[in-house]
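One structure below.
The values are calculated or read from the model by the stated rules, or taken from the named source; none is laboratory data. Everything numeric here is computed off the predicted structure, so don't read it as measured data. So basically every Cβ, Gly included, is an ideal-geometry build from the backbone, and we count neighbours across all protein chains shown. Accessible surface is based on the protein model in full, side chains and every heavy atom, while ligands, DNA and RNA are left aside. Shrake-Rupley method; radii C 1.70, N 1.55, O 1.52, S 1.80 Å.
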Amino acid sequence: MAFDLSSVSRTKRIRSKKIVLVGAGKIGKTTWAASAPNAIGILTEDGADNVDANAFPLAQSLSDVYTALQTLIAEPHDFQTLFVDSLDWLEPMVQAHVCAANNWKHIEAPGFGKGYIAAAEEWRNFLNGLETLRSERNMGIILIAHDKIKRIEDPLTEGYDSHVLKLHDRAGSLIQEWADVIGYAGYRIFTSKTDAGFGNKETKATTTGERVLHVEPHPAHCGGNRFGLTNLPLDWATFSAAMDAAQSS
């Protein structure tokens, strides 16, 4: 390939999206992903019974996941979106795959974090497979994950708690770097202080039940995107319209 001025081109182009959706259980993450155009799921957990979606049989191993990916890459079909549900149930499969390949009893057996480094390499293989599917079949990708609360120690401020992907830090960092959009699904919460007696105040939380897709960065949760999107309702049609508007501007 020539690297001279004749090879220069504009970098902006419209491609299928890479989305990570994070949030608590039962909030509607799978329903949201299954609402994407012509969606098909690779399921690693048995939690989609009440969602009307196309999906491969429940994966029992990382090899099952790779087989499903290869099927979508190689065989004729009309699917436009792949969703994987969920990453935190996929992680034990990744670790088991790595342990079997290296004859380790468990992921911490080699010591010094070497098991997690090897697992991170396998996560890269998984992401490379998604990139192949995206480039060869132009399919959008949605990766679903549950959340956990992690203590963040920041040298620029005091430590604080944040909702992050329920994955090992190495895996979580790779997934977030890969994504075009990271959305945190949560309920809109309001807090108020009430008198608890003896001069003390008690904070109480209430919610209207409104579900919000947080796509703006915030210390309290993961989130961010490459398109200038702002927080919006957890609804696929609303998200799709906002994405179309952002790309046409």
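Tabulated values for the structure
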{"quantity": "For segment 135-242, accessible area per residue (1.4 Å probe, heavy atoms of protein chains only), Å²", "calculated": "59"}
{"quantity": "Solvent-accessible surface (1.4 angstrom probe) belonging to T230, in square angstrom, nearest 10", "calculated": "90"}
{"quantity": "Cα-centre dipole for segment 55-185 with unit charges at Cβ (Lys and Arg positive, Asp and Glu negative), debye to 20", "calculated": "300"}
{"quantity": "Residues of type aspartates and glutamates that K29 reaches as a straight line, Cα spacing below 17 Å, ignoring anything fewer than 8 places off in the same chain", "calculated": "E45, D46, D49, D52, D85, D88, D147, E210, D235"}
{"quantity": "Relative contact order (%) - criterion: Cα under 8 Å, at least six apart; region: the chain", "calculated": "21"}
{"quantity": "Accessible carbon and sulfur surface of segment 99-168 relative to its total accessible area, %, 1.4 Å", "calculated": "48"}
{"quantity": "Selected from C99, F227, I19, residue furthest toward positive end of dipole (the chain; charges at beta carbon)", "calculated": "F227"}
{"quantity": "Trypsin sites (Lys or Arg not before Pro) lying in DSSP loop within segment 46-133, provided at most 11 other Cβ fall within 10 Å", "calculated": "K105"}
{"quantity": "Estimated 222 nm signal from helices in the chain, with DSSP H stretches of n ≥ 4 weighted -39500 (n - 2.57), rounded to 500", "calculated": "-10500 deg cm²/dmol"}
{"quantity": "Unit charges at the beta carbon, dipole of segment 34-159: most positive-side option, T44, Y66, H77", "calculated": "Y66"}
{"quantity": "The chain: DSSP helices with Cα axial extent of at least 15 Å and average Kyte-Doolittle hydropathy no lower than -0.5", "calculated": "62-74, 87-102, 236-248"}
{"quantity": "Segment 42-98 and segment 137-156: distance between their alpha carbon centers, rounded to Å", "calculated": "18"}
{"quantity": "For the chain, the longest site-free run once chymotrypsin sites (Phe, Trp or Tyr not before Pro) in DSSP loop states with at most 11 other Cβ atoms within 10 Å are removed", "calculated": "4-111"}
